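So the structure is just underneath, and the comments pick up after that.
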Amino acid sequence: MLGQVLDRALGDKRGLRRFADATVPLDEALIHVAVDLSGRGFASIDLPFAGQMIGQLPTEMVPHFLRSFAIEARLTLHVRLLAGENDHHRAEATFKALARALELATRPDPRIADQVPSTKGSL
């Protein structure tokens with residue numbers, strides 16, 4: 001549902017930057033996230049966890065959420081764990097990096113103010 005809401009809010013993505021990435025550290029953890037508001041839902045998640053739970057959250061739900069979000073938001077998402085041992089830090093840095101990348105990708109690009117950021121003319 002959250003992904004669908006984002007997709008609807010972005011409309012035809014006219015004038016948006018479309019591509020962005022963010023690398024976020026959190027103590028020993030370092031996560032890289034890249035997004036493309038491509039109109040095609042896809043996720044490549046390389047985010048292993050050492051344990052099965054983070055508090056009350058099963059760690060398997062983190063990649064599941066990210067994949068579901070990417071598909072429903074119709075965006076391409078890549079997540080890479082670059083460093084980190086603490087599962088909580090891995091997860092938290094991932095969501096912070098995703099937020100940063102989305103904030104950048106959805107910014108207006110003055111170079112293409114009234115254009116859809118695609119050579120095909122649609123996303």
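The values are calculated or read from the model by the stated rules, or taken from the named source; none is laboratory data. Here the structure is a predicted model, which is why all the values come from computation and not from measurement. Neighbour counts are summed over all protein chains in view; Cβ atoms, including those assigned to glycine, are modelled from backbone coordinates with ideal geometry.
Inside the stretch 27-46, can you point out the residues that are outside any strand (DSSP E or B) and touching a Pro at 6+ places or on another chain (Cβ under 9 Å)? The answer is Leu37, and nothing else.
For the stretch 16-40, which residues satisfy the criterion of being of a type in the set (D, E, K, R) and over 26 Å from Asp109 (Cα atoms)?
Residues satisfying the conditions are Asp27, Glu28.
Of all residues in the stretch 21-66 being touching a residue at least 60 places away in the same chain (Cβ under 8 Å), of a type outside the set (Asp, Glu) and out of contact with any strand residue (DSSP E or B) (no Cβ under 6 Å at 6 or more places or on another chain), which is surrounded by the most Cβ atoms within 10 Å (Cβ to Cβ)? For the stretch 21-66, the residue satisfying everything is Leu37. Here Val24 fits the description: in contact with a His (Cβ under 9 Å, 6 or more places away or on another chain) and either in a helix (DSSP H, G or I) or modelled with pLDDT of 95 or more (or both). Can you confirm whether Ala9 is touching a helix residue (DSSP H, G or I) at 6+ places or on another chain (Cβ under 8 Å), among the small types (Gly, Ala, Ser) and either under 26 Å from Gly84 (Cα atoms) or at pLDDT 95 or above (or both)? It is false that Ala9 is touching a helix residue (DSSP H, G or I) at 6+ places or on another chain (Cβ under 8 Å), among the small types (Gly, Ala, Ser) and either under 26 Å from Gly84 (Cα atoms) or at pLDDT 95 or above (or both). Checking the condition farther than 27 Å from Pro110 by Cα and touching a helix residue (DSSP H, G or I) at 6+ places or on another chain (Cβ under 6 Å), which residue from Ala43, Ala73, Ala83 passes? One residue alone meets the criteria, Ala43. For Leu77, state whether it is under 17 Å from Ile31 (Cβ atoms), crowded, with 18+ Cβ neighbours inside 10 Å and under 17 Å from the mean Cα position of the chain (by Cα). Judged against the criteria, Leu77 is a match.
With respect to being under 30 Å from Ile112 (Cβ atoms), surrounded by 18 or more Cβ atoms within 10 Å (Cβ to Cβ) and either in contact with a Lys or Arg (Cβ under 8 Å, 6 or more places away or on another chain) or modelled with pLDDT of 95 or more (or both), Leu2 falls outside the description.
Pull up the stretch 47-63, narrow it to residues that are out of contact with any helix residue (DSSP H, G or I) (no Cβ under 7 Å at 6 or more places or on another chain) and in a helix (DSSP H, G or I), then point me to the one that is nearest to Ala93 (Cα to Cα).
Checking each candidate, the answer is Pro63.
Please enumerate the residues belonging to the stretch 64-123 that are at pLDDT 90 or above and in a loop (DSSP other than H, G, I, E, B). Listed by number, the residues that qualify are Arg74, Leu75, Gly84, Glu85, Asn86, Thr106, Arg107. In the stretch 67-102, which residues are among the charged types (D, E, K, R) and touching a residue at least 60 places away in the same chain (Cβ under 8 Å)? Correct list: Glu72, Arg74, Arg90, Glu92, Lys96, Arg100.
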